[in-house]
Amino acid sequence: MQDPSPAADLRSRPASLQTFPPLTSGGLARLVARPAARHPWIDPKTECVWACLDCARACNEVADSFPQTTAGSPLARVVWLSRNGAGICLATARMLTTSAELDVRRVRAVLETCQSACRLVRVEIAPHAKGHLVLRIGGAACRRCEAACGRLSKGI
């Protein structure tokens, strides 16, 4: 019998082209198991767009996982940076996919901004990641997005 879940058709595509469903416990497991290997048939722009979208989703999940953080708590900065980093990643992906003609200087500036935002989130998450799976996933997504934006920025 076929699996009727939305994840069933995701498993039929190559791992690098899969988007993940809302991050339930099963979605978290699929994201953790998802290989970050680059495939030769995916161009750097597409790889960057997917990495940005994955990172935005993971950063939003990080922020949503700690809704009760107060201004003085250690995770307050993580939540704030994650929420803003997700916005930057979404804006980067949107710019890369919707613009017909891209100005190289602007694209490079946006990619470097996204790369810096991902680096900030990743560094801020690192001390807290040991105790929280969602933070480890967020850090891995930020690392992948940071690397993809760096490769595309150098390649254009």
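Read the figures in this text as sums done on the coordinates, not as results from a lab. Only a predicted model underlies this, so the values are computations on that prediction, with no experimental measurement involved. Counting neighbours? That spans all protein chains shown, and the Cβs are built from the backbone with ideal geometry, glycine included.
Laid out as a table, the results:
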quantity: Filtered residues of the stretch 49-96 (kept if of a type in the set (Phe, Trp, Tyr) and either crowded, with 19+ Cβ neighbours inside 10 Å or in a helix (DSSP H, G or I) (or both)); calculated: TRP50, TRP80
quantity: Subset of the stretch 97-141 that is of a type in the set (Ser, Thr, Tyr) and in a helix (DSSP H, G or I) - its residue that is nearest to VAL49 (Cα to Cα); calculated: THR97
quantity: Subset of the stretch 125-146 (residues that are surrounded by 24 or more Cβ atoms within 10 Å (Cβ to Cβ) and of a type outside the set (A, V, I, L, M)); calculated: GLY138, CYS142, CYS145
quantity: Condition broken by ILE137, with the remaining ones in (1) hydrophobic (A, V, I, L, M, F, W, C); (2) under 23 Å from SER65 (Cβ atoms); (3) touching a Gly at 6+ places or on another chain (Cβ under 8 Å) satisfied; calculated: (3)
quantity: Residues that are more than 19 Å from ALA148 (Cα to Cα) and among the charged types (D, E, K, R), drawn from the stretch 80-102; calculated: ARG83, GLU101
quantity: Every residue from the stretch 53-75 that is free of Cβ contacts under 8 Å to residues at least 40 places away in the same chain and over 13 Å from ILE125 (Cβ atoms); calculated: ALA56, ASN60, ASP64, PRO67, GLN68, THR69, THR70, ALA71, GLY72, SER73
quantity: Selection count, the stretch 98-156, where residues are of a type in the set (A, V, I, L, M, F, W, C), under 26 Å from ALA76 (Cα atoms) and free of Cβ contacts under 8 Å to residues at least 12 places away in the same chain; calculated: 2
